[in-house]
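**Student:** Attaching a single structure in structure tokens format; questions to follow.
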Amino acid sequence: MSKRRKQFLTSTPNSPEKYSPAVAIVGSNLDLVTETLLRVPAKSLIKFKCVSKHWLSLISDSNFAINHTRRNPTPPVSGIYVGAKWSKSLILKDQFSPFSLGGRRGTSSLPALSFLRDAISGDYSKVSHSSNGLFLCRNGNTNYSYIVCNLTTQKFIPLPKPSFTSSGYLSCMEEPYLIFDPTKSPHYKVVLVNSSHLLNASQLAIYTSEFASWKNVSLEPRIDNFRRGVIWNGGIIWRSCSRCEHIYYQLDVDTEKLTVTRVPPDPNLSTCVIYFGECGGRLLLIQLPINDAMEFKVFEMDRDDFRWIVRYRVDLTSLILPNRSRCVISVISVVRGANENDLEVVFYNRGKVYSCNLEYRTMKVLCELSPGEISNFGLAKELHERSYQFIKSLSPV
């Protein structure tokens, strides 16, 4: 840190050190200091809390946090947690170690979950979903309770238990989703979805942070789908396929309306789908022609007619990848690259996690995993359904 910058950081109204008149004017101007700090990344702001009591109060203020998130609505993904699951003693198990997309692996570069120790009420807890810097965690084996937390600020809030319908099925069949878009609102929603075949309709419980309360909703028809949905376009979309038709269920969380779209089968999607997810507002699907192929295609959905368009064709034989004779990959996540329109596919293959930039056709190794770290996940193509993106954010919970 330069001498001038260090002087600015330490020379505040509450600091006893000597400073120049110019620095004193800047330091005493709350609007100017606030405007400056709003441009600083979240990770640095956490450290800046130690500068003075004045800065600690300013950065900790919820209004500042909301304004900072609005100013920085699309920060890059810093790391990924896969299958995060722990016991009351916080001994992590059945879990890939969290890894950084910057190449530094382990808890030294990514925050640990130990700050949730006091929030755990059951014998078993796990991460269930993540959205734009916030994580949704679930307690217990049955009769679940939920926690929303921010790993960057180490803040969390236990949610009140929802008042389920008298059917009683929701507590054991639910799929939890966290929906948070700081560009639209500082508030988030938690949606619990149950589409058990024992029910004639889909049962939902929706928690709104703005009112700190749950609401029960019954939707028809039942979401006849066995795969996890994706947060897209401000709601949740599920994909169900058969030989006769492809069905897309779209839940608008704000209006609590369910739209069903049926389209003819796409012959281009008749092979192995290994990823269905969202990145930068784009709904993506990745498929392999066969399980051990060296090539894969990345499709993007057209919003108007639910048609899948090929955006990228990736040939791993042109990249440096060991054991080329058999390439069994599991896509973990898709993230934005260094440029806004770039996409990077994060995938696992034979003990290593790779990041492949689709625009520039480059690849790098993010980390290596021991056999014990992958034994419970293997090469399941649903691996991305248990991965959670970590974004550094000051968003309050």
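The values are calculated or read from the model by the stated rules, or taken from the named source; none is laboratory data. Because the structure is predicted, anything quoted here is derived from the model rather than measured. All Cβ positions, even for glycine, are placed from backbone atoms using ideal geometry, and neighbour counts span all protein chains on display. Side chains included, ligands, DNA and RNA excluded: accessible areas come from the protein's heavy atoms. Shrake-Rupley method; radii C 1.70, N 1.55, O 1.52, S 1.80 Å.
**Student:** Let me spell it out: the conditions are (1) assigned to a loop (DSSP other than H, G, I, E, B); (2) more than 24 Å from the chain's Cα centre (by Cα); (3) at pLDDT 85 or above, and LEU58 meets all of them except one. Which number is the exception?
**Tutor:** The number of the failed condition is (1).
**Student:** Next question, about the same structure. Among (1) under 19 Å from PRO176 (Cα atoms); (2) open to solvent by 50 Å² or more (accessible area, probe 1.4 Å), which single condition is PRO264 missing?
**Tutor:** Unmet for PRO264, out of (1) under 19 Å from PRO176 (Cα atoms); (2) open to solvent by 50 Å² or more (accessible area, probe 1.4 Å): (1).
**Student:** Based on what the data block shows, is GLU245 open to solvent by 20 Å² or more (accessible area, probe 1.4 Å), modelled with pLDDT under 85 and acidic (Asp, Glu)?
**Tutor:** Answer is yes for this residue.
**Student:** Moving on. Of the numbered conditions (1) within 28 Å of LEU369 (Cα to Cα); (2) in contact with a strand residue (DSSP E or B) (Cβ under 8 Å, 6 or more places away or on another chain); (3) at pLDDT below 80, ILE332 fails exactly one; give the number of that condition.
**Tutor:** Unmet for ILE332, out of (1) within 28 Å of LEU369 (Cα to Cα); (2) in contact with a strand residue (DSSP E or B) (Cβ under 8 Å, 6 or more places away or on another chain); (3) at pLDDT below 80: (3).
**Student:** Looking at (1) at pLDDT 65 or above; (2) within 30 Å of GLY281 (Cα to Cα); (3) surrounded by 12 or more Cβ atoms within 10 Å (Cβ to Cβ), which one does ASN63 not meet, given that it meets all the others?
**Tutor:** The number of the failed condition is (3).
**Student:** Quick check on my filter: what residues within the range 61-80 are of a type in the set (Gly, Ala, Ser) and part of a loop (DSSP other than H, G, I, E, B)?
**Tutor:** SER78, the sole residue that qualifies.
**Student:** Tell me, yes or no, whether the range 235-242 has at least one residue that is assigned to a loop (DSSP other than H, G, I, E, B) and more than 25 Å from VAL148 (Cα to Cα).
**Tutor:** yes
**Student:** Turning to a different aspect of this structure: Applying the selection to the range 269-312, what residues are touching a strand residue (DSSP E or B) at 6+ places or on another chain (Cβ under 7 Å), of a type in the set (S, T, N, Q) and farther than 14 Å from PHE347 by Cβ?
**Tutor:** THR271
**Student:** Something else: Based on this model, can you work out whether LEU269 counts as open to solvent by less than 30 Å² (accessible area, probe 1.4 Å) and touching a Gly at 6+ places or on another chain (Cβ under 8 Å)?
**Tutor:** no
**Student:** If you take the residues of the range 121-170 that are at pLDDT below 80 and closer than 26 Å to HIS384 by Cβ, which of them is most open to solvent (accessible area, probe 1.4 Å)?
**Tutor:** Per the criteria, the residue is ASN141.
**Student:** How many residues, within the range 358-397, are charged (D, E, K, R), under 20 Å from the mean Cα position of the chain (by Cα) and modelled with pLDDT of 85 or more?
**Tutor:** 1
**Student:** Need pairs with beta-carbon distance below 6 Å; first residue within 24 Å of TYR188 (Cα to Cα) and part of a loop (DSSP other than H, G, I, E, B) and within the range 245-260, second modelled with pLDDT under 90 and among the aliphatic types (A, V, I, L, M); sequence gap 6+ or separate chains.
**Tutor:** Hits for this filter: GLU256/VAL217.
**Student:** While we're on this one: Residue pairs, Cβ under 6 Å, 6 or more apart or interchain, first in the range 221-242 and touching a residue at least 24 places away in the same chain (Cβ under 8 Å), second among the charged types (D, E, K, R). List them.
**Tutor:** Note: pairs meeting the criteria are ARG228/GLU385; VAL230/GLU278; TRP232/GLU278; GLY235/ASP252.
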